[in-house]
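Asker: Mind having a look at this structure? Questions to follow.
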Amino acid sequence: MPNDILIKKKIKPFVNKIFVTSDKSLSIRCVLLASVAIGTSKIENLLESEDVLNALRAVKKLGIKYKKKKKNYIIYGSGLNGLVTNSSLVIDAGNSGTLARLILGLLAKTKSRIKIIGDKSLSKRDFSRVVNPLKNFGINIRSKNGFLPVKTYGGEFLRPIYYEENIGSAQCKSAILLAALNTAGITKIKAKKSRNHTELLMKSLKIPIKIKSTKKFDLIELRGLNEFEGFDYKVPGDISSSAFFIVLTLLANNSRITIKDININKSRTGIIKILNMMNAKISYLNKKIYKGEQIADIFVESNNKLKSINCPESLNSSAIDEFLVIFLVASKAKGISQFRNLGELNKKESPRLEIAIKLLRMIGIKVERKNNNLKIHGKPDLNLKGKFVVKDYFKDHRVFMMSCVAALVFGGEWKIYDKKSINTSFPNFIKILRKLGAKIN
């Protein structure tokens, strides 16, 4: 089958309610924690994307049994330090930085040599941010120049650590917390604000974890060597997947959408705060709390009077995966939007900052760049007529989806390559676009 799509027409006005894909971050964390719980866990609505399926394959290699029963995954946990490992085991994390980094923490006390590998894109991403703190526990772990493959031999006598996490990496913080589960004593982390799914999930499992929040940092303490029981968990919808439909609706004509049952954890809703500052009218309906996570329906309607933003740097970490589509809104907003210190975008599945600048300039948007700071000159009357080709972007799923949204709201004829990249996180993305009336060949 062809691995490219063709979009020739803007999307027509629509009014609809949709469900998007399940939260990928929570899906992977549920698989990993269920594997070291005592007894059986039932995970409902687990995302069946390549990244999550790779997590299931990984724990299966480590001796964990699981089965799918209707819409649920049943995972039979081994308890702490109960993972079975053969010598020279290789675990392929594919494209998932979350899986590759978090599983290194889970393997803190293994007694066999395990090698973590990934695809070409993941192999270019920085792993020193987890390897270095894990070494402090006494774990035998190595990587060449801070990249994959990473080899870990575990550690027999682990010691608790104090670590200052200054990047704002939830993956780094979570890897430390998973290693701390198998470590006697109290591990302490002073972590720059980032996603807190791991902490909330651990709290719901009665794992002895304490969290004290300040304006810029979270102070976290975890007491190790406490077994926890299997659990039931229904994974909510993913706000990163919702982002594409939020922006599609906002920039389309006379359209409204309700996106059902989305995780609106405050560490993930930077995009909503940013867009509402740009004069969007995005609201939450049917709010509730589920095991520490906030869940709601997201309601969005079109708006042709968007204004530019001087984006607060404090929102960067809570919108880091959504800046690609935020840039599309800035392209249509009145005035000059400013964004600062976005270097972390280049440490994702692709150099997203570089790619975004290239794509915006391709469609006639003036972009000024100084180091990792951007000024985007909006064109409220932007209406494209030419032909555009998007390819050679490291098969990044978010670049593909961003390009689809741009084609459907800005016009022109677009040929977009690497359709299969969406299998990483959002396999039914195109199916939902078609449900809304998008003409995609």
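Asker: Taking the Cβ of each residue in Asp92, Asp23, Asp392 as the centre, tally the other Cβ atoms inside 10 Å and list the residues starting with the fewest.
Answerer: Fewest-to-most Cβ neighbours within 10 Å comes out as Asp392, Asp92, Asp23.
Asker: Additional query: Can you tell me the relative contact order of region 24-234? Whole percent, Cα pairs under 8 Å, sequence separation 6 or more.
Answerer: The normalised contact order for region 24-234 reaches 21 percent.
Asker: If I take every Cα pair under 8 Å that is 6 or more residues apart in the chain, average their sequence separation and divide by the length, what percent do I get for the relative contact order?
Answerer: Numbers: 998 pairs, mean separation 82.0, N = 441.
19 percent.
Asker: Sticking with this structure for a sec: Separation of region 61-125 and region 245-306 by C-alpha centroid, Å?
Answerer: 34 Å
Asker: In whole Å, what are the Cα extents of the chain along the three principal axes, biggest one first?
Answerer: 64, 48, 41
Asker: While we're looking at this one, here's another question. Can you list the HN-Hα couplings for region 141-158, worked out from phi with the Karplus curve (6.51, -1.76, 1.60; θ = phi - 60°), rounded to whole Hz and with x for Gly and Pro?
Answerer: Per residue, the Karplus-derived 3J(HN,Hα) values read 9, 9, 8, 8, 6, x, 10, 5, x, 10, 10, 10, 10, x, x, 7, 10, 7 Hz.
Asker: Output ³J(HN,Hα) for region 411-427: one whole-Hz value per residue in order, computed from phi by the Karplus curve 6.51 cos²θ - 1.76 cosθ + 1.60 with θ = phi - 60°, and x for Gly and Pro.
Answerer: In residue order, the calculated couplings are x, x, 10, 10, 10, 10, 8, 6, 4, 5, 4, 5, 4, 4, 9, 8, x Hz.
Asker: How far apart, in nm, are two points set 7 Å out from the Cα along the Cα-to-Cβ line at Phe19 and at Lys210?
Answerer: Computed distance between label sites Phe19 and Lys210 equals 4.1 nm.
Asker: Oh, and also: With +1 assigned to the C-beta of every Lys and Arg and -1 to the C-beta of every Asp and Glu, and no other charges, what is the dipole magnitude of the chain about the Cα centre in debye, to the nearest 20? Present the calculation step by step, with values, prior to reporting the outcome.
Answerer: Working: 81 positive and 35 negative charges, 122 e Å.
Once rounded to the nearest 20, the dipole reads 580 debye.
Asker: Can I ask one more? Grab the beta carbon distance between Glu221 and Asn310, set R0 = 35 Å, and tell me the FRET efficiency rounded to 0.05.
Answerer: 0.45
Asker: Scanning the chain for helices, which whole DSSP H stretches are 18 Å or more long along the axis (Cα) and average 1.0 or more by Kyte-Doolittle?
Answerer: Within the chain the helices that satisfy the rule are 397-410.
Asker: Antiparallel as a % of all DSSP beta bridges within the chain, to the nearest 5?
Answerer: 70 percent
Asker: Also: With 10 angstrom as the radius, rank Ser267, Ser337 by how many other C-beta atoms surround their C-beta, starting from the fewest.
Answerer: With the sparsest Cβ surroundings first, the list reads Ser267, Ser337.
Read the figures in this text as sums done on the coordinates, not as results from a lab. Bear in mind the structure is a predicted one, so any value in this text is a computation, not a measurement. In this analysis, Cβ positions are derived from the backbone assuming ideal geometry, glycine residues included, and neighbour counts consider all displayed protein chains.
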